[in-house]
Amino acid sequence: MQFWCSFTNTAWDWQWRPFPGVWLFVLLVGWAAFRLNRAGGGEPRPIHPLTLVGVLLTWIALDWPVGALGAGYLASVHMAQFLLLGLLVPAALLGGLRPEAQVAVAQSATGTWIERLTRPVTALILFNVIVLLTHLPPIVDWLMPTQLGSMAIDLLWFAAGLIFWYPLLTTAPARPKFVPPLRMLYLVVGLMFSPVMFGLVGFMLYAEHPLYGLYELAPPFAGWTSKMDHELAAVMMSVTGALVAFIGLSTIFFKWSKTDA
Amino acid sequence: MRRLSALLVPAMMALAACRGEAPRDEALFRGVYVSPPIEKPDFTFTDFNGQPFSFRLKTVGKVALLFFGYTHCPDVCPLHAANVAAVLKQMPFEEREKIQFIFVTTDPERDTPERLKAWLGAFDRDFIGLAASPDELARVQRELRIATARKEFLPGADSSAYLVGHAAQVFAFGLDGFARTEYPMGVRQEDWAKDLPRLARGELPPEPSAALPGKDIQLVPSTVEVAGPAIRIEVAVMAAPPATSEASVYLVLTNAGAEDTLVGVSSPEAGGAMVHVTESSGGQQVMRMRDRVPIGKGATVSFLPGAMHVMLTDLTRKPAAGESFPLRLQFARAGEFAIAPLVVPYAELDSHLGARR
C-alpha cells in the first residue's frame with residue numbers, strides 16, 4: 001500500500017486504492033482550518049463555506065483517482081492538481097479565513113515569518129520559482145516515481161499558493177502600500193502574464209517531443225497520446241491561470257471603484 | 001521586478017536547455033548497441049491482409065523496425081508503437097519512406113488480422129502486422145536471442161484475459177540488413193528522432209568496441225582481512241519484473257578468502273541466466289555478457305542497476321514484490337551458493353543497495 005500517490009509504472013485500472021498519507025494531510029488541513037476559525041476569540045462561528053470548499057478540493061486533488069492519475073499517467077491531470085493545489089485551494093482557504101483569525105495568525109509566533117514571506121515582491125518571486133522548479137522536466141521525472149518526491153511537489157504547490165494569495169486575500173498584516181493598482185499588477189505578473197507559466201505553456205505546446213519522460217513513457221491511458229496530453233496540460237495552465245487572474249482583477253477593480261465612490 | 005526577471009529569465013533558459021539527461025556524445029546512437037550485430041532473420045509470416053510477407057525481401061532498401069508484441073498489451077507495445085508513429089509523422093517524406101515498422105504478434109489467438117490492422121492503423125496506417133505459427137515464432141525469437149513470448153494468466157481472472165510476457169525491445173535493422181541497435185522500453189521520442197533519420201540515411205552505428213573501450217569490472221579492495229567463509233552475499237535483490245520475459249538481480253559479494261571467480265549463474269525457475277554488464281559512454285549504453293567475474297582477495301564486487309547485473313530470462317512465474325526467487329551462483333573455488341534474492345519494486349532498489357550505488 002502506498003501512503004501517497006506516485007508513479008508506479010503499472011497499467012491503469014479503475015480499482016480504488018487507499019492513500020493514508022493523503023487522508024492525514026487533508027485531516028490536518030481541516031483541523032488547521034477549524035482551529036483558525038476559532039482563533040481570535042469571540043463566539044464560536046460556523047466554518048466558512050470557502051474553507052469547506054478548500055478542504056474538499058484538497059482531498060479531490062490528492063486522493064484517488066485524480067492523485068493517482070496525475071502522479072503516474074497523465075500530465076494534464078498533474079496540471080489539474082497544480083491548478084487546484086496551487087491556485088484554487090489556497091485562495092479558498094485564505095478567502096475563508098475570518099479577520100479575527102488573520103489577526104491571530106499575524107500576532108502568533110510565526111507571524112513575523114509569514115509577514116516576511118508574504119511581502120508582495122517576495123511572494124511573487126517565491127511562487128514563480130516554486131512553480132518553475134516543480135515543473136522542470138528533470139525534477140518532475142526524478143521526484144514523481146517516489147512517494148516522498150511526489151508528496152514534496154504537491155506540498156510545495158500548496159505552500160506556494162498560500163504564499164501567493166496571502167498578500168491579496170488577507171488584511172493582517174496590514175499593507176497600506178499594496179494599493180489596488182499594485183494588487184492588479186501583482187495578479188497580472190503572477191498569473192495572467194506570468195513569464196514562468198507562459199514559458200511552461202510554450203514548451204508543452206510547441207516542443208517537438210513530450211516534455212516529461214515520465215508521462216511520455218507511462219502506461220498509455222485510454223487512447224490518449226502523450227502529445228495530446230501535454231497540449232491539454234498547457235491549455236489548462238494558460239486558460240485557468242488567465243481566468244483566475246481575470247476574476248481576481250475584476251474583484252479588486254470593483255471593490256476599489258466602490259471604495260472610491 | 002528587476003530581481004524577479006533576473007531570477008526567472010535564466011531559469012526559463014535552463015528549462016529550454018534542460019531535458020533531464022546528461023550531455024551525450026552526438027556521434028553515438030541513442031539505441032542500445034547490439035554486439036555482435038544480428039543479421040536480418042529469414043522468415044515469411046502472414047500479414048494482416050492474409051498475404052505472405054517475406055521479411056528479408058519486403059524490407060530490402062529499408063530500415064526495418066521489428067517488434068514482437070500483442071495488441072492487448074497494457075504498456076510496452078502501445079508505447080513503442082505510439083512513440084515510433086509520433087516521430088515518423090515529424091520526419092520528411094523521403095526519410096520516413098525508408099522506415100518500416102513491423103509488428104509480429106505474440107498472441108495470434110486474440111490478434112486476428114482485422115484487430116491487428118485496426119490496432120496498428122490507429123498509430124500509423126503504414127505499420128505492418130504479421131502472424132506466424134508458434135514454432136516459427138519461437139525460431140525467429142531464438143535467432144534474435146530474445147526470450148520466447150509466453151502467456152501469463154492472472155490469478156482469479158477470466159482465462160481469456162491473460163497477459164503475454166514478451167521481449168520489450170524493438171530491433172532496428174539497418175539498410176545493410178544488420179541490427180546494430182535495439183530500442184528497449186524507456187527509449188523516448190527524442191531518442192528515436194535522433195536515430196531514425198540517421199539509419200534512414202544509411203549510417204551504421206559503430207561497433208561498440210570501437211566506440212566504447214571495454215571497462216573492467218570495478219573491484220573495491222577491502223582494508224580488512226576477514227577470516228571465515230570466503231564468499232559472502234551481502235545483498236541480493238531482484239527488481240520486480242513487469243513480465244516473465246526477463247528480470248534483473250543485483251548483488252553485493254565480498255570475498256574474504258583467496259581470489260575466486262564467479263563462473264556461472266542459474267535458476268531453477270528461469271530458462272536462462274547470465275551476467276550482463278551495461279556500459280555507458282556519452283549517454284550511450286551497451287550491454288555485454290560476462291562469462292566470468294573475478295573477485296579478488298578481500299574484494300567487494302557489486303552488481304548494481306546501470307552496471308553489472310544478473311539477467312534472468314524466461315521465468316516460470318512472475319515474482320511479486322515481497323517474494324523471493326531462487327538463484328544459484330557457481331564460484332570456481334568456493335563452489336555453489338543457493339540464494340533467494342528478495343523481490344523489491346524497482347523504485348526501492350536504492351534503499352536496499354544503499355550507499356553501494
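Nothing in this text is a laboratory measurement; each read-out follows from the coordinates by a stated rule. Predicted, not measured: the structure shown is a model, and the values here were computed from it. When we count neighbours, we look across all protein chains shown, and the Cβ atoms used for this are built from the backbone with ideal geometry, even at glycine.
Odds and ends about this structure:
- Length gained on full extension, B:GLU94 to B:VAL263: 55.8 nm, using 0.36 nm per residue less the C-alpha separation.
- Taking all C-alpha pairs of the range A:69-113, those more than 16 Å from each other amount to 56 percent.
- Between A:ARG38, A:ARG98, A:ARG116, the residue with the greatest mean-square fluctuation in the GNM of chain A (Cα pairs under 10 Å linked by springs) is A:ARG116.
- R0 of 35 Å, Cβ-Cβ distance B:ALA161-A:PHE3: FRET efficiency to nearest 0.05: 0.70
- The charge dipole of chain A, taken about its Cα centre with unit charges on the Cβ of Lys, Arg, Asp and Glu (plus for the first two, minus for the last two), comes to roughly 1000 debye.
- The mean number of Cβ atoms from other chains found within 10 Å of a Cβ in peptide B:77-83 is 4, as a whole number.
- Here is what passes the span test in chain A: the DSSP H helices with alpha carbon length of 24 Å or more along the helix axis and a Kyte-Doolittle mean of -0.5 or above are A:20-38, A:147-169, A:226-260.
- In the range B:32-200, inverting the average of 1/r over every pair of distinct C-alpha atoms gives 16.1 Å as the Kirkwood radius.
- For the range A:3-130, the Cβ-based charge dipole about the Cα centre amounts to some 240 debye (Lys, Arg positive; Asp, Glu negative; other atoms uncharged).
- Paramagnetic reach from B:GLU26 (point 7 Å along Cα→Cβ, amide N under 14 Å) across the range B:186-208: B:194-195, B:198
- Note on B:ASP126 and B:GLU109: the extension gain reaches 3.8 nm, defined as 0.36 nm multiplied by sequence separation minus the Cα-Cα distance.
- When Rg and the Kirkwood Rh are both derived from Cα coordinates, the Rg/Rh ratio for chain A amounts to 0.99.
- Cα-centre dipole for the protein assembly as shown with unit charges at Cβ (Lys and Arg positive, Asp and Glu negative), debye to 20: 1920 debye
- The ranking of A:ILE252, A:ILE47, B:ILE128 from fewest to most other beta carbons within 10 Å of each one's beta carbon is A:ILE47, A:ILE252, B:ILE128.
- Each listed q (0.12, 0.18, 0.19, 0.25 Å⁻¹) maps to a log10 I(q)/I(0) for the range B:41-99 from the Debye sum over equal C-alpha point scatterers, namely -0.37, -0.84, -0.92, -1.16.
- Mean ellipticity per residue at 222 nm, deg cm²/dmol - from DSSP H runs of n ≥ 4 across chain A, formula -39500 (n - 2.57): -20500 deg cm²/dmol
- Unit charges at the beta carbon, dipole of the protein assembly as shown: most positive-side option, B:THR300, A:PHE25, A:LEU168: A:LEU168
- Equivalent ellipsoid, the range B:301-345 (semi-axes from 5 times Cα gyration tensor eigenvalues, Å): 20, 15, 10
- Alpha-carbon Rg with Dmax, taken over the range B:144-183, Å: 15.2, 48
- When chain A is treated as a Gaussian network with alpha carbon springs shorter than 10 Å, the biggest mean-square fluctuation among A:ALA101, A:ALA71, A:ALA207 belongs to A:ALA207.
- Proximal charge balance of B:GLN169 [Cβ under 11 Å; K/R count +1, D/E count -1]: -1
- The alpha carbon centroids of the range A:72-109 and the range A:187-222 are separated by 22 Å.
- Between A:ALA233, A:ALA11, A:ALA104, the Gaussian network model of chain A with springs among Cα atoms under 10 angstrom shows the greatest mean-square fluctuation at A:ALA11.
- Shape box of the range A:124-261 [Cα atoms, principal axes, largest first, Å]: 57, 28, 23
- Its alpha carbons considered, the protein assembly as shown gives a radius of gyration followed by a Dmax of 28.5, 95 Å.
- Pairs exceeding 25 Å between alpha-carbon atoms, taken from A:LYS227/B:LYS117; B:LYS58/B:LYS318; B:LYS62/B:LYS117; B:LYS89/B:LYS194; A:LYS227/B:LYS62: B:LYS58/B:LYS318; A:LYS227/B:LYS62.
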